[in-house]
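*Asks:* My structure is below; once you've seen it, I'll send some questions.
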Amino acid sequence: MKGKHVILIVCLLSLKLTFSQNTYDIVFPKKGENEKCRTCFEIFNQKPEDVEFSITRKGDIVYFQVNDINWFNRLFENSGDGLAVDIVPKNKYSCLKNSLPVNEIRGTLLKPIYSKLLKKNLELKGETNYQVELGKIPKELLNEDLEFNILFLSNRNLCRYYIIYDLKSYDWDLLDMGMYLDELTFTPKQIKSSDDQSFLVKNKSLKFIIPFNKNQTTFSKTDIKPIYDSLKLTDFNIKTINIKAYASIEGIVKRNMVLQEQRANSIVQALQSFQNPTIETYVTSSENWVEFFNDIEGTKYEYLKPLTKNEVRDKIAGSVSKQMEPILKNHRKAVVELELVRKDKYKSFSSDDLITKFNTLIKKKNIEEAKDVQNSIFERLKGKPEELKLLNKMSIPKEQAFIDILNKNEAFKFMTDFTYALIVYTELKELEKLAPNNAAIKYNLSTLKLKLWHWNALNINREDLNTQIFSLEKYGVAQTEISRMLVNSHIILSELFSGEGDFASKDNSVAFVNSNYKKFKLSNNDYLNLAQYLNKYGNPTMAVDLLDGKARTIDIDEDLLFYYLNLSLIDEKLIEDKGYRTIMLNAINMNKARFCKLFNSVDSGGVTFQLLENQFLRKTYCENCNN
């Protein structure tokens, strides 16, 4: 899923400020003096969503940019209405400093510019963007890593102090309902990229955990055989192995890392012994601080939670670590993820030969072998929507005997290229006449109807759709999948009710979604879609609650974990919860560089380094990112 960046602008109100620098003629209202800013507040509250403003820098000059001159003129109507810029350098947050000063302007304040000069110097840049100069960056700051906060003034009173956060955003959709082919097949989209939107007809992934005994470094084929057999890999080869190996936190860090890499590579070698094709392998290792802090909560060792890693090691050295062995033994493990590819006995066939083979088998009514060939054809077309026309060469009579093969072809078209949705829906309606009790067709029709409704491509009677979804149970569709469809229907209704201004009904649909998503298993992409939905139509607390527990597990998808951080880092109450450090350590274990980059300047790809104003975040950052 490709990420795109949005600028979230956060206002700090009721500032308690003291000053060691020139604040010019700006008046800083005391708490409760909101009346002085009432007009400014109203203008911001009425700001259309498409009105955008920002600070830009060109050389040593700082500019304010806005795309709506009418809103600009309303904001700066009176002579005392104006703008000022607070220039904040990253070196303010150096980890070499024991503490940060509090209750002060964060950086260097430029002289305010008021209404008359703002309007006089405002220039049109491009078709709709306007900009006005706000001042020069002091020479001593020119080579520093800088961010620019905006002060909005009303009658010389500070009414809005804005920090710009660059938060990553993602497209979102309904929860994945999959389509029935041979079985229910889902679309394993990746969160971080839109380049891999294809689903796996023949491939699948499996994730499991292998525990380690203390000081154990090798695994034999005999050790791994029960796992291999339980995965039923006789019809599959392992394409890739991704292993995240974890050591318990006692002992020497370097030794722990070596031990984990030895264990992980030993697992790879044991699995490779079962097949000839070479397995691509990816191995990372880290100490299991996440489960350590999770597991000591509520025990006599809970006093260790606020300590630094080195302080924890010192405290548990020797006899204490021996006493903690019942806890520590559970932390030595590997999270192993396998991507599997089905063995293809038609791999050497050309596409034309496959079509010929398939059509011959259909004439002979050899259905089962025809399905195998059909799967091989699908494999050739996977991720290639422009080649779907090859399916037109498959000669399949529209007879009940071939209903499963016909259904698979239609489902495959839709999953490969969503633009076929309405065509496939129409074709499946015709197939339903041939096989009115076929569960796969019934399910696929319901899925497509929800999708087409969501895309405003089909008029839907809500009561009829609900009846259709509930009726799937009598055709053998699992209750979990019915619940998933009902949640999706309420996601769609939330959007419709919100657009109609029926917020009571919207809230009822949100409540239904929030109460029912636990009834079925969520993929990583489902978690992402649901979190974004709850954040938009419910409230951020719902989204945080959805992801909070998963964010504390070592097998969470990396991109989902960083989305959670993206969602929560600017919530001061949340980040000071005693469990939040565990979540940050989880992110550090997965991708330390990515975590540390969150605290870069906006221009350097970070959220903002001003997150380090928070002492709790700064402590974690300095412990792990201060190289």
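*Asks:* For the stretch 551-567, just list the computed ³J(HN,Hα) in residue order, Karplus coefficients 6.51, -1.76 and 1.60, θ = phi - 60°, integers in Hz, with x standing in for Gly and Pro.
*Replies:* So the Karplus estimates, Gly and Pro as x, are 5, 9, 9, 6, 9, 5, 5, 4, 5, 5, 4, 6, 5, 4, 4, 4, 6 Hz.
*Asks:* Summing +1 for each Lys or Arg and -1 for each Asp or Glu, what net charge is found among the other residues whose Cβ lies under 12 Å from the Cβ of HIS331?
*Replies:* Here the count lands on -1.
*Asks:* Which entries of LYS343/LYS408; LYS125/LYS536; LYS408/LYS449; LYS343/LYS398 have Cα-Cα distances beyond 24 Å here?
*Replies:* The answer is LYS125/LYS536; LYS343/LYS398.
*Asks:* Moving to a separate point now. Sort the following peptides by mean Cβ neighbour count (other Cβ atoms within 10 Å, averaged over residues), highest first: 267-278, 207-218.
*Replies:* 267-278, 207-218
*Asks:* Same structure, new question: Suppose only helical runs count, i.e. DSSP H with n ≥ 4. What mean residue ellipticity at 222 nm does that imply for the chain under -39500 (n - 2.57) per run, divided by all residues and rounded to the nearest 500 deg cm²/dmol?
*Replies:* About -12500 deg cm²/dmol.
*Asks:* Going by Cα centres, the stretch 377-435 and the stretch 479-557 are how many Å apart?
*Replies:* 31 Å
*Asks:* How large is ³J(HN,Hα) for each residue in the stretch 530-535, as worked out from phi by the Karplus curve 6.51 cos²θ - 1.76 cosθ + 1.60 (θ = phi - 60°), to whole Hz, x for Gly and Pro?
*Replies:* My calculation for the stretch 530-535 gives 5, 4, 5, 4, 5, 5 Hz in order.
*Asks:* Write out the GluC sites (Glu not before Pro) in the stretch 355-405 meeting two conditions: DSSP loop, and at most 11 other Cβ atoms within 10 Å of their Cβ.
*Replies:* When the GluC sites (Glu not before Pro) of the stretch 355-405 are filtered for loop state and at most 11 Cβ neighbours within 10 Å, GLU399 remain.
*Asks:* Charges at C-beta only: +1 for Lys and Arg, -1 for Asp and Glu. How large is the resulting dipole of the stretch 3-168 about its Cα centre, in Debye rounded to 20?
*Replies:* So the magnitude is around 380 debye.
*Asks:* I would also like to ask the following. Check cross-link reach from LYS92 to the lysines: straight Cα distance under 22 Å, and skip same-chain residues fewer than eight apart.
*Replies:* LYS16, LYS111, LYS136, LYS139, LYS597, LYS619
*Asks:* Report the charge-dipole magnitude of the chain in Debye, nearest 20, computed about the Cα centre from +1 at each Lys and Arg Cβ and -1 at each Asp and Glu Cβ.
*Replies:* Charge dipole, the chain, about its Cα centre: 1260 debye, nearest 20.
*Asks:* Based on the alpha carbons, how large is the Rg to Rh ratio for the stretch 407-625 when Rh follows Kirkwood?
*Replies:* 1.07
*Asks:* Now a separate question. Mind sorting out which of (i) 46, 30, 24; (ii) 53, 30, 26; (iii) 51, 36, 22 is the real semi-axes √(5λ) of the Cα gyration tensor in Å computed from the coordinates?
*Replies:* Here semi-axes √(5λ) of the Cα gyration tensor in Å agrees with entry (iii).
*Asks:* Which of the aspartates and glutamates could a cross-linker bridge to LYS371, judged by Cα under 12 Å and excluding same-chain residues fewer than eight apart?
*Replies:* Cα-Cα hits under 12 Å: ASP182, ASP404.
*Asks:* Another question, then. Roughly what % of DSSP beta bridges within the chain run antiparallel, to the nearest 5?
*Replies:* Percentage antiparallel, nearest 5: 85.
*Asks:* Suppose every K and R has +1 on its Cβ and every D and E has -1 on its Cβ; what is the size of the dipole of the stretch 407-625 about the Cα centre, in Debye to the nearest 20?
*Replies:* Here the stretch 407-625 has a charge dipole of around 440 debye.
FYI, it's all coordinate maths here, none of it is from the lab. Predicted model only: the values in this text are computed from it and were never measured. Cβ coordinates were reconstructed from backbone atoms using ideal geometry, including for glycine residues, and neighbour counts include every protein chain displayed.
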